[in-house]
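The values are calculated or read from the model by the stated rules, or taken from the named source; none is laboratory data. Everything numeric in this text was worked out from a predicted model, so none of it was measured. Here the Cβ positions follow ideal geometry from the backbone for every residue, glycine too, while neighbour counts run over all protein chains shown. Just so you know, the surface numbers come from the protein's heavy atoms only, side chains and all, with ligands and any DNA or RNA stripped out. Shrake-Rupley method; radii C 1.70, N 1.55, O 1.52, S 1.80 Å.
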Amino acid sequence: LFPFPVRGSEGLYMVNGPPSFTESTAFQRDSGKNCKAVAFSKDGSLFAWCNGERVNVVNVTRAELLRSFDLPKAVCLEFSPKNNVLATWQAYAAGKDGTSGVPNLQLHDLKTGKCLKSFIQKKMQNWCPCWADDESICARNVNNEVHFFENNNFSTIANKLHLQKVSDFVLSPGAQPTKVAVYVPGSKGAPSFVRLYQYPNFGGPQSALANKSFFKADKVTMLWNKKATALLVVASTEVDKTGASYYGEQTLHYMGANGESAVVQLPKNGPIYDVAWSPNSVEFCAVYGFMPAKATIFNLKCDPVFDFGTGPRNAAYYSPHGHILVLAGFGNLRGQMEVWDVKNYKLISKPVASDSTCFAWCPDGEHIVTATCAPRLRVGNGYKVWHYTGSVLHSCEVPPNEEMWQVFWQPFLDGVFPERAVRYQAVPSELPSAEPKPAQAYRPPALRNKPVTSSKLHEDEPPQNMKPQLGGGDKPLSKTALKNQRKHEAKKAAKQEAKADMNQSPGQTQAPQNTPRNAVPATTTGDPEVDKKIKNLKKKLKAIEQLKEQAAAGKQLEKNQVEKIQKEAALLKELEDLELGV
């Protein structure tokens, strides 16, 4: 069983996962309508929630209350990785006379129940201290410095990382030594930068493991891979000064702990919607580009390995074992999910989860939960549990006058569930398929009895394996090189087709061997001026033929090239008149 808590206006309760989907008796339902925060420990053994009166901590496996804290205003909860400390945060309130308020970030010892330390933390963003996985180090950002504590001793600051203005930092996952990625925003013409350090070597720029600077960055998202060998940085600006995108401008950067750094070249312009590391730590997936968005898997050299083509998607989710990837279009998209076997690059299923605001993989790597939650959507709240083959195994909708706020799986440590072979056949389910009826486009009355013609705004690009094209260690092509390569391929295809047409024409006389291949056949009328006009017209018509072939090969034509093609009929008429001597 894989329990998952459901939090909403009906209270907080836990549901047993597949196959039973019954309410869990191990957790007693809290029917209070004011449950603001819930959290599982990293290994899933402890569960904490605040019901507006107290913060309670239960041992899920033994179904017993472990601790209860008198913190009615707590809105954020977080366990340390080894379950020794519970961090709680409540909104900061300054004193009435302008003095500093009461400390609102508290760290509680779960073994004794005592408060280890209290801090003033005004902002909710990045409120929680960050621990290394073995809890040997704990760090928090204070006044543009990163303060480090060791072995949960919060009475003394063991180390400080001081840069100009540290805005954000991330500790690496996994075993020691711990690495720290820090972001410093640019100011007064200086670029923003991200630096990687190994704790506790903070001696300046020379002691940094890697350094990457960039000008276009109002904020960054930093993502370590599981093995802590590399970091991805999504740098974004609030405003796109070119006016091309409402979402600002994003760039994707790669940084290796060995000092390597690079800009990841994305073949399509537009926003970067999502970036996700594979759990194997040697590949990552990016979803990017103006709709329909592209999705591509890259290796550690930032070379594209597999391109999923284009489609309505804005998110990527790897399964816990990394063998399955879900590309999904949620938010303002219709909820289509593409489930891929990433070892063989085969599409497994294509279910649709309409109006979903939340998606989560079950730790077993077999099941998925999607949910429609308030306040993002206040109608049609509920959740569905799926098998990745596309079957809906369980569905729950809350009553129309109630709301659901959160659904998520109980976590388990890596290695608890073995990886299973990928299935392509849909798992049997008692529930009907969730395929929605395709919405029919509006048709005016005059066209309703006539056959439907396709009216696609764009053709989706098909998936393609990028490995053979790159020949192993070659660097990815730049945008200009890709454009030139496409032009060259279109020209080559056009020439081959023209040659095939010449060979197939039975009535055509063989051209003399010394005649140039692209020469226009000579036609004589006796008047040199007319002959010259005929020759020029034939050249223009040949150019139009080549443009049409390039368009058929998939090349995007310029406006003046389209206009040339539209003049073909007039040119043919003029040529006919000249040859007939009209």
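Values for this structure:
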item	result
Of the criteria (1) free of Cβ contacts under 8 Å to residues at least 12 places away in the same chain; (2) closer than 24 Å to Met124 by Cα, which one Arg54 fails	(1)
Failed item, numbered, when Leu333 is tested on (1) at pLDDT 90 or above; (2) closer than 26 Å to Pro462 by Cβ; (3) aliphatic (A, V, I, L, M)	(1)
Which listed residue is modelled with pLDDT under 85, open to solvent by 70 Å² or more (accessible area, probe 1.4 Å) and charged (D, E, K, R), from Lys96, Lys111	Lys96
In the range 46-95, the residues that are under 21 Å from Phe4 (Cβ atoms) and among the polar types (S, T, N, Q)	Asn51, Asn56, Asn59, Thr61, Asn83
Odd one out for Thr296 among (1) among the polar types (S, T, N, Q); (2) at pLDDT below 90; (3) surrounded by 20 or more Cβ atoms within 10 Å (Cβ to Cβ)	(2)
Residues located in the range 305-321, provided they are of a type outside the set (S, T, N, Q), open to solvent by less than 10 Å² (accessible area, probe 1.4 Å) and not in a strand (DSSP E or B)	Arg313
Meets criteria (open to solvent by 30 Å² or more (accessible area, probe 1.4 Å), within 18 Å of Trp224 (Cβ to Cβ) and outside the structural domain of Ser80 (by the TED database)) for Leu209	yes
Qualifying residue in the range 111-119 (condition: out of contact with any Lys or Arg (no Cβ under 7 Å at 6 or more places or on another chain) and farther than 19 Å from Val57 by Cβ)	yes
Failed item in (1) closer than 26 Å to Met291 by Cβ; (2) at pLDDT 60 or above, with Lys492 passing the rest	(1)
Restricting the range 24-38 to residues that are in a strand (DSSP E or B) and out of contact with any Phe, Trp or Tyr (no Cβ under 6 Å at 6 or more places or on another chain), the residue that is most open to solvent (accessible area, probe 1.4 Å)	Asp30
Residue in the range 554-564 that is among the basic types (Lys, Arg), more than 37 Å from the chain's Cα centre (by Cα) and surrounded by 15 or more Cβ atoms within 10 Å (Cβ to Cβ) present	yes
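Residue-by-condition table, conditions (1) under 17 Å from Val146 (Cα atoms); (2) aromatic (Phe, Trp, Tyr); (3) surrounded by fewer than 21 Cβ atoms within 10 Å (Cβ to Cβ):
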| site | (1), (2), (3) |
| --- | --- |
| Pro185 | yes, no, yes |
| Lys188 | no, no, yes |
| Leu196 | yes, no, no |
| Tyr246 | no, yes, yes |
| Gly256 | no, no, yes |
| Lys268 | no, no, yes |
| Ile272 | no, no, no |
| Val275 | no, no, yes |
